[in-house]
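Working notes, structure below.
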Ligand code: FES
């Protein structure tokens, strides 16, 4: 993992917005996650040095927040909510079906896919919710799993699943039942 001057400049610009370096921790970690896709020891030590904290503090955030990763992920990262509201809306079956269709075991990476069950995605009244990279899909039914995988393949081919920067993260979800998502 190579830390280039572009990353240095971007980190310095973010840190300069805060009265204390460590207050920029989440933003700096987003930046590193977006650039490399995961954190290795070099990235952990780099973030710690920039923020004036210990590597163990960076590791603590890394292991707590699911948006950061310690392993390389597939280009299409599928997170299926398994918390109560989504589970009642069929998310466990949905996740199992998506895993079967993509050939990617749950919790693992295969080819372009990483798939995992996650806890609440914060859109409980519109389950089942699935986040794919930076896009949230709501009201996805287990019986539509095949159609859903086809849809995300098409979005990927069209470049519509490319990561967006932390400051441009979209609000709300895409209703999978709306005409534009049923394809
Ligand atoms: S329970 Fe799934 S988004 Fe909250």
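Brief remarks on what is shown
- Helices (runs of 4 or more DSSP H) contained entirely in the stretch 1-111, each with at least 3 residues that are within 29 Å of residue 127 (Cα to Cα) and modelled with pLDDT under 95: 25-36, 55-64
- Of all the numbered requirements in (1) assigned by TED's automatic domain parsing to the domain that holds residue 175; (2) away from the ligand (no atom under 16 Å from the Cβ); (3) within 15 Å of the chain's Cα centre (by Cα); (4) loosely packed, with under 14 Cβ neighbours inside 10 Å, residue 114 misses one, and that requirement is (4).
- Residue 133 falls short on exactly one of the conditions (1) crowded, with 17+ Cβ neighbours inside 10 Å; (2) away from the ligand (no atom under 16 Å from the Cβ); (3) more than 12 Å from the chain's Cα centre (by Cα), and that condition is (3).
- Filter result for residue 121 (modelled with pLDDT of 95 or more and within 11 Å of the ligand (Cβ to nearest atom)): no
- Among residues of the stretch 81-92 that are near the ligand (Cβ under 7 Å from one of its atoms), those with a beta-carbon under 6 Å from a residue that is in a helix (DSSP H, G or I) at least six positions away or on a different chain give the pairs 81/91; 85/124.
- Filter result for residue 58 (surrounded by 17 or more Cβ atoms within 10 Å (Cβ to Cβ) and assigned by TED's automatic domain parsing to the domain that holds residue 134): no
- Residue within the stretch 26-37 that is on the phi > 0 side of the Ramachandran plot and under 20 Å from the mean Cα position of the chain (by Cα) present: yes
- Test: residue 94 is out of contact with any strand residue (DSSP E or B) (no Cβ under 9 Å at 6 or more places or on another chain) and in the same structural domain as residue 174 (by TED's automatic domain parsing): no
The values are calculated or read from the model by the stated rules, or taken from the named source; none is laboratory data. Values in this document were obtained by computation on a predicted structure and should not be read as measured data. Note: ideal-geometry Cβ built from the backbone for every residue, glycine included; neighbour counts use all protein chains shown.
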